[in-house]
Amino acid sequence: MKRLFNHVLTAAKNACGILLATLREIFDEAAYARFLNRAGMVSSSESYAAFRQEFEEAKMRRPKCC
Amino acid sequence: MNKPLVFLVWGVVAALGAVAVGTVALHRGEPINALWLVVAAACCYSLGYRFYSGFIAKKILALDGLRATPAERLENGRDFLVTNKWVVFGHHFAAIAGPGPLVGPVLAAQFGYLPGTMWVLAGAVFAGCVQDFVILLFSVRRDGKSLTEMAKDEIGRVGGFVAYVAVISILIILLGVAALIVVNALKASPWGTFTIAMTMPIAVLMGIYLRRIRPGKVLEVSALGFVLVLAAIWGGQYVSQHDALARAFTFSAPALAILIMVYGFAASALPVWLLLAPRDYLSTFVKLGTIALLAVGIVVLHPTLHMPALTRFVDGTGPVFAGKIFPFAFITIACGAISGFHALISSGTTPKLIARETQTRMVGYGAMMAESAVAVMAIIAACVMQPGIYFAINSPAGVVGQAPATAAATISSWGFPVTAADMQALAHAVGEQTLYNRTGGAPAFAVGMAHIFSHSLGGETLMALWYHFAIMFEALFILTILDAGTRVARFMVQDALGHIYKPLGRTSWYPSILATSALIVGAWGYFLWQGVKDPLGGINSLWPLFGISNQLLATVALCVATTIIIKMHRAKYAAVTLVPLMWLVAVTFTASWHKMFDSDPRVGFLSQARVLAAGPASGATARLIFNNRLDAAVTGVLVVMVTLVLAESLRQWFGILSGAREARMKESPFVRTRFAEERG
């Protein structure tokens, strides 16, 4: 019974992790983290402004469906 | 799992699906429970995914888990990025799920729940999911190339040019229709208008928070923005009850149309979109949350469908839009069954994120199934209403009359009883002055959604709040598409104009930005204005035009897919894309013929122009005549162009199959994935 409970708990944790990762990707938080990593910067107003500047035009070219 | 058990499980799913589909299809007379639709959909999707997509993946596409994808080969941390398959799935679904699968099924519910449900299920499993899946895989094998580029490479220059023109046309018609839906939802609605107006300062606050207080914490700020939007919905009821404030936020349809055009231009041409960008996140947050909530609400409430399986309007005399069940049911519902627009997403961002070829099945086929499920929910939301109420909301004044008593009497005479008192009570319950003549599908969907939510979460007292929540959700969603779509179209026009005069192609050159923004807004604004001034409500003309152009793009996508399959020497399996292609050609060409030449003036653009020309002449009539002729010309041009692509594709197919032409594909060369080595 305990093994089953642990199994379910691990599966639930994994599912939550994936859901959070998906939301972070959809909401561009992951893209910002990659930008910081690539540019060797830490999160700040300036680095976020630089990220938006680099990211915005590419994002705005993406069509959204009807 | 051992084999007999697998057979047993799938046998049970198949049997359950057959019973559910049979009940939905054959039950007549008594209303049925919405859960039958849910079970039918779940079984069809499971079987389609497990067996049909499995067959396509194995026999036709030969998905190769050892072949490196562009995300791996060209990884740059920006566009090309190896990403978890579930994350790509969510990302892809968020990009393809727009207002289409919500609005189309609501409008098509005038035929009853049966035609829409059957088309959504069969269309998705055999056409829409297949299109999204194969285009995604073919793009992955071509370094993430777009549909336009693939059409040019595999079919020829005509294919590329037509795909480009079709995309621009769809964008413009879509933006015009989408704006009209917002106008019809917000006209004479101070509560709704106030809520939507409040999203602008909320977005600015979110922007300040994102930049100054917690840089990059988008999820956090979206949750905060959502709470503020809920507060704005709550506050809207006090605005609607306050004389001066209610007057300030009450707009006529033409006034709202002008405001939306100004908004579209500003969002495209001025740097205000930097401030409004957080609204995009807010819209996505609300969209995903609401779809999930609606699914839960339907299962919890499992409501009864009051709309009959088939209505008398299958004969083409429907008040919501005119035209017979074939072909109009099949172009009215595009996004929930098959949408050419999805091919743009499947050949846009998504192929650059796929880690393994084998994942294209889950992302391409699977995400479209999820989109189709959203369309099933929209059918349920429309059909839980009493049919009389559904028709009172969706019928234009030009068909049922302006006065409440006249409209109620007309609708009741069709066999769908409704009284002016019923409509008044409903309008009061949702906090509106009136719900008559609210064409466009959004208000009807909002009433259905409010019904489901209020009966499963919060009771009748929250009906008005849920209604305005639904209106806010749809309007916010559509306005985001309006500003994003205007910019995408502007970039496309700038790219093209750059070939003629270089500075026009520079996206930072202000004269070019202003000119192309004005061009795009002027184009969709023209369709919007035409819809606002149309005595038949606008949707009657514009939604079929949008459906035709969207499915003509799907025709181009399926031509590309079939050409590649034949070039892959898999001609014996080409039916998987060829049959949906033939169906779409039959549907779109028939619909186009009807929209241009049908003798019924409610259906055919040219016959409506003739009827108007025979009547008393005035400036307004002359404009209506011109608009009808323009709509006919737009339809004709699109059909001619797609005919050219079809002819070019046929030439390719016969050339290859007869051996006269070499089957040369433009695939990227095979490179072994490093993941295979990592795993040993």
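Calculated [222 nm] ellipticity per residue, helices only, for the protein assembly as shown: -23000 deg cm²/dmol; basis is -39500 (n - 2.57) per DSSP H run with n ≥ 4, divided by all residues, nearest 500. In the protein assembly as shown, a dipole from Cβ-located charges (positive for Lys and Arg, negative for Asp and Glu) runs towards its positive end, and of B:His27, B:Val227, B:Gly336 it is B:Gly336 whose Cα lies farthest in that direction. At an R0 of 35 angstrom, the distance between the Cβ atoms of B:Gln241 and B:Ser412 translates into a FRET efficiency of 0.65. Spin-label model, B:Asp495/B:His302: points 7 Å from Cα along the beta carbon direction are separated by 4.9 nm.
Assuming a ≥ b ≥ c are the square roots of the Cα gyration tensor eigenvalues, decide whether chain B counts as rounded (a/c under 1.5), prolate (otherwise, with a/b larger than b/c) or oblate. Rounded, since a/c falls under 1.5.
Which of A:Ala33, A:Ala11, A:Ala21 sits closest to the plus end of the dipole of segment A:2-60, meaning its Cα is farthest towards the positive end, when Lys and Arg get +1 and Asp and Glu get -1 on the C-beta? So the residue we want is A:Ala11. The label-point distance for B:Tyr510 and B:Leu259, in a model that sets each label 7 Å from Cα toward Cβ, rounds to 2.9 nm. Fully extending the segment from B:Arg664 to B:Leu230, taken as 0.36 nm per residue of separation minus the present Cα-Cα distance, adds 150.6 nm. Placing pseudo-labels 7 Å out from each Cα toward the beta carbon at B:Ala295 and A:Met41 gives an inter-label distance of 3.6 nm. Computed from the C-beta positions of B:Ala633 and B:Ala586, the FRET efficiency with R₀ = 25 Å rounds to 0.65. Taking a ≥ b ≥ c as the square roots of the eigenvalues of the alpha carbon gyration tensor, segment B:263-410 is prolate, as a/c is not under 1.5 and a/b beats b/c. Going down the list A:Lys13/B:Lys3; B:Lys352/B:Lys666; A:Lys59/B:Lys152; A:Lys59/B:Lys352; B:Lys59/B:Lys572; A:Lys59/B:Lys502, which pairs span over 20 Å between their C-alpha atoms? Over 20 Å apart, Cα to Cα: A:Lys13/B:Lys3; A:Lys59/B:Lys152; A:Lys59/B:Lys502. With the alpha-carbon atoms of the protein assembly as shown aligned to their principal axes, the span from lowest to highest coordinate is 75, 70, 64 Å, starting with the largest. Residue by residue, segment A:33-49 carries 3J(HN,Hα) couplings of 4, 5, 4, 4, 4, 5, 8, x, 10, 10, 5, 7, 4, 5, 5, 5, 4 Hz when phi is fed to the Karplus relation 6.51 cos²θ - 1.76 cosθ + 1.60 (θ = phi - 60°); x denotes Gly or Pro.
Within segment B:583-680, report the GluC sites (Glu not before Pro) that DSSP leaves as loop and that have at most 10 other Cβ atoms within 10 Å. Passing both the DSSP loop test and the Cβ count: B:Glu662. Exposed loop positions in chain B were taken to be trypsin sites (Lys or Arg not before Pro) whose DSSP state is not H, G, I, E or B and which have at most 15 other beta-carbon atoms within 10 angstrom. Between these positions, the longest stretch is B:79-505. Annotation: amide H-H contacts under 5 Å for B:Ile32 (H modelled 1.01 Å from N, sequence separation of 5 or more, or interchain): B:Leu305.
Each of B:Cys383, B:Cys43 was scored by other Cβ atoms within 10 Å of its Cβ. Arranged with the fewest first, they read B:Cys43, B:Cys383.
In sequence order, segment B:417-429 has phi-based couplings of x, 7, 10, 4, 5, 4, 5, 5, 5, 5, 4, 5, 5 Hz under the Karplus curve 6.51 cos²θ - 1.76 cosθ + 1.60, θ = phi - 60°, and Gly or Pro positions carry x. In plain terms, the residue of B:Tyr164, B:Tyr467, B:Tyr436, B:Tyr573 with the fewest other Cβ atoms within 10 Å comes first and the most crowded comes last, giving B:Tyr573, B:Tyr164, B:Tyr436, B:Tyr467. Nearest 0.05, what FRET efficiency do B:Thr419 and B:Ser252 give at R0 = 41 Å with Cβ-Cβ as r? E(calc), rounded to 0.05, equals 0.90.
Read the figures in this text as sums done on the coordinates, not as results from a lab. For clarity, every value in this text was computed on a predicted model and none was experimentally measured. Using ideal geometry, Cβ is built from the backbone for each residue, glycine included, and neighbour counts are taken over all protein chains shown.
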